[in-house]
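Chemist: First, the structure itself, so that you have it in front of you.
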Amino acid sequence: MLDVTRLRVIAAVARHGSVTEAAKELHYSQPSVSHHLARLEAETGAQLLQRVGRGIRLTEAGRLLADRAGEIIGRIDAADAELSAHVGLNAGHVRLAGFSSAIGSLLPQAVGLLTREHPGLRISLTDAHPPEALDMLRAGKIEVALIFRYDESEPEPDGVRLHHLLDDPVYLLSSRRGRKLSALRDATWIAGCERCRSHLLSLCADEGFAPRIGYTTDDMVVMQALVVAGLGVTTIPGLALRAHRTKGIIASELPGSHRHVYAATYGEPPDPPVTAALLAALAAICAEPGRAGNADYRQR
């Protein structure tokens with residue numbers, strides 16, 4: 001039986017690549033960390049560490065165990081949070097990670113609704129792209145991942161359950177009126193994260209061209225500033241326009257083009273009470289008229 005304390009030690013060593021830094025994080029002495037690692041090697045019968053100069057690095061077996069240790073510790077911490085939640089919603093804690101435009105447009109209202117109904121509930125928020133948020137979810141570091149996907153996106157990992165919130169329309173941004181995607185084959189394009197970029201490439205491929213990408217940024221404010229300056233064109237989801245809109249932007253909805261927004265949870269139902277309460281608050285906010293699925297962001 002592997003010792004949980006020793007799993008925490010090897011996970012910390014993997015994060016920092018250093019016994020010294022792992023000891024600082026865990027508030028252990030360096031000899032104590034070294035002892036736990038030596039005992040872990042004895043228990044597993046595998047060499048987990050290699051000496052490299054004055055430092056150390058994990059062997060292939062060590063990296064494998066450290067990855068699994070991170071998942072195990074995350075699930076233990078999540079179980080502790082879920083058990084605490086059963087004390088009651090007024091004493092619970094729910095952790096969420098989500099992409100920036102949702103955090104800037106949906107989360108404030110949803111968290112406000114939740115805390116009004118359950119004033120003792122603690123909520124933690126982390127800004128993360130969907131792949132990173134899903135990794136955190138599977139590792140037990142959060143209870144809810146707010147993600148988006150397009151029709152062509154890769155499927156989510158096994159064990160992830162998706163709760164549909166809304167379909168977010170995609171807009172073409174330019175600094176001039178009347179521009180269509182088909183007329184921009186020679187334009188300079190601004191591209192964002194991998195999921196958004198893959199959707200842009202798919203949209204342009206349907207029009208028979210590959211976009212010439214001149215700028216890469218995940219910052220929707222920077223994207224809009226580049227467009228207003230006449231340096232390029234881009235596509236942007238409605239939630240991003242709701243969170244921030246630069247004066248002078250011309251937004252034209254692309255018919256039939258949406259990204260699907262979900263709250264993701266992990267494991268078998270039912271969800272813990274605090275998680276279920278957060279999901280309900282998100283669903284209530286997204287169902288309100290004027291949210292991304294219904295709002296019109298075009299320049300009038």
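Chemist: Over the chain, with every protein chain in place, what whole percent of the accessible area is carbon and sulfur at 1.4 Å, could you tell me?
Modeler: On the way: 7560 of 15000 Å².
Of all accessible area on the chain, carbon and sulfur atoms account for 50 percent.
Chemist: For segment 53-196, compute Rh as the Kirkwood radius over C-alpha pairs and then the Stokes-Einstein diffusion coefficient at 4 °C and 1.567 mPa s; write the answer in µm²/s, rounded to an integer.
Modeler: Numbers: Rh = 18.6 Å.
Once the numbers are plugged in, D ends up at 70 µm²/s.
Chemist: Anyone know which of Ala78, Ala110, Ala225 comes out most mobile in the 10 Å Cα GNM of the chain?
Modeler: Looking only at Ala78, Ala110, Ala225, the largest GNM fluctuation is found for Ala225.
Chemist: Mind putting a number on the dipole of segment 180-300 about its Cα centre? Charges go on the C-beta only, +1 for Lys and Arg and -1 for Asp and Glu, and I need it in Debye to the nearest 20.
Modeler: Numbers: 12 positive and 11 negative charges, 101 e Å.
It comes to approximately 480 debye.
Chemist: Tell me, what HN-Hα J-couplings in whole Hz come from the Karplus equation 6.51 cos²θ - 1.76 cosθ + 1.60 at θ = phi - 60° for each residue of segment 174-185, using x for Gly and Pro?
Modeler: My calculation for segment 174-185 gives 8, 9, 10, 6, x, 8, 10, 4, 5, 8, 10, 5 Hz in order.
Chemist: Still on this structure, please answer the following. Please turn the phi angles of segment 65-71 into ³J(HN,Hα) values with the Karplus equation 6.51 cos²θ - 1.76 cosθ + 1.60 (θ = phi - 60°), one per residue in order, whole Hz, x for glycine and proline.
Modeler: 5, 5, 4, 5, 4, x, 5
Chemist: Now, a different point. Starting at 0 and stepping by 5 Å, how many percent of the alpha carbon pairs of segment 146-204 end up in each bin?
Modeler: 4, 12, 24, 21, 16, 10, 6, 4, 2, 0
Chemist: Using only Cα atoms and rounding to the nearest 10 degrees, what angle (0 to 90) does helix 4-16 make with the longest principal axis of the chain?
Modeler: Result, in degrees: 50.
Chemist: How would segment 110-168 be classified by its alpha-carbon gyration tensor: rounded, prolate or oblate, with rounded meaning a/c under 1.5 and the a/b versus b/c comparison settling the rest? Can you show the working numbers first?
Modeler: Values: a/c = 2.46, a/b = 1.62, b/c = 1.52.
Since a/c reaches 1.5 and a/b is larger than b/c, the shape of segment 110-168 is classed as prolate.
Chemist: Additional query: So for the chain, taking the charge dipole from beta-carbon charges (+1 Lys/Arg, -1 Asp/Glu), which of Ala110, Ala263, Ser252 sits furthest toward the positive end?
Modeler: It is Ser252.
Chemist: For the chain, modelled as a GNM with alpha-carbon contacts under 10 angstrom, which of Ala229, Ala191, Ala42 fluctuates the most?
Modeler: Comparing Ala229, Ala191, Ala42 in a Gaussian network model of the chain, the most mobile one is Ala42.
Chemist: Percent antiparallel among DSSP beta bridges with both residues in the chain, to the nearest 5?
Modeler: On the way: 26 of 40 bridges.
Close to 65 percent.
Chemist: For Leu166, what residues show an amide H to amide H distance below 5 Å, using hydrogens built from the backbone and excluding near sequence neighbours?
Modeler: Sorted by chain and number, the residues that satisfy this are Val261.
Chemist: Can I ask one more? Divide by every residue of the chain the summed helix terms, -39500 (n - 2.57) for each DSSP H run of at least 4, and state the resulting mean residue ellipticity at 222 nm, rounded to the nearest 500 deg cm²/dmol. All intermediate terms of the calculation are to be shown ahead of the outcome.
Modeler: On the way: 11 runs with 130 residues, N = 300.
About -13500 deg cm²/dmol.
Chemist: Tilt of helix 30-44 relative to the longest C-alpha principal axis of the chain, in degrees (0 to 90, nearest 10)?
Modeler: 90 degrees
Chemist: Which whole number of Å³ per residue matches the convex hull of the alpha-carbon atoms in the chain?
Modeler: Dividing the Cα hull volume of the chain by its residue count gives 173 Å³.
Chemist: Take the alpha-carbon centre of segment 7-70, take the same for segment 137-197, and report the distance between them in whole Å.
Modeler: Each part reduced to its Cα centre gives a spacing of 38 Å.
Chemist: I've got another one for you. Which order, highest average first, do 237-249, 158-170, 113-125 follow once you tally other Cβ atoms within 10 Å for each residue and take the mean per peptide? Can you show the working numbers first?
Modeler: Numbers: 237-249: 19.9, 158-170: 17.5, 113-125: 15.1.
Descending mean neighbour count gives 237-249, 158-170, 113-125.
Chemist: Does segment 1-54 come out rounded, prolate or oblate by the C-alpha gyration tensor, with a ≥ b ≥ c the root eigenvalues, rounded set by a/c under 1.5 and, if not, prolate when a/b is larger than b/c and oblate if not? Show your work: numbers first, answer last.
Modeler: On the way: a/c = 1.78, a/b = 1.19, b/c = 1.49.
Because a/c hits 1.5 or more and a/b fails to exceed b/c, segment 1-54 counts as oblate.
Chemist: Using θ = phi - 60° and the Karplus relation 6.51 cos²θ - 1.76 cosθ + 1.60, list the HN-Hα couplings for segment 111-119 in order, rounded to whole Hz, with x at every Gly or Pro.
Modeler: Listing the rounded values in order: 5, x, 4, 5, 6, 5, 7, 9, x Hz.
Chemist: Relative contact order for the chain: what is it in percent, counting Cα pairs under 8 Å that are at least 6 residues apart? Write out the running numbers ahead of the final one.
Modeler: Values: 491 pairs, mean separation 61.3, N = 300.
Reported as a whole number, the value is 20 percent.
The values are calculated or read from the model by the stated rules, or taken from the named source; none is laboratory data. Given the structure is predicted, the values throughout are model-derived calculations rather than measurements. Note that each Cβ is placed from the backbone with ideal geometry, even for glycine, and that neighbours are counted across all protein chains shown. Accessible surface areas use protein heavy atoms only, side chains included; no ligands, DNA or RNA. Shrake-Rupley method; radii C 1.70, N 1.55, O 1.52, S 1.80 Å.
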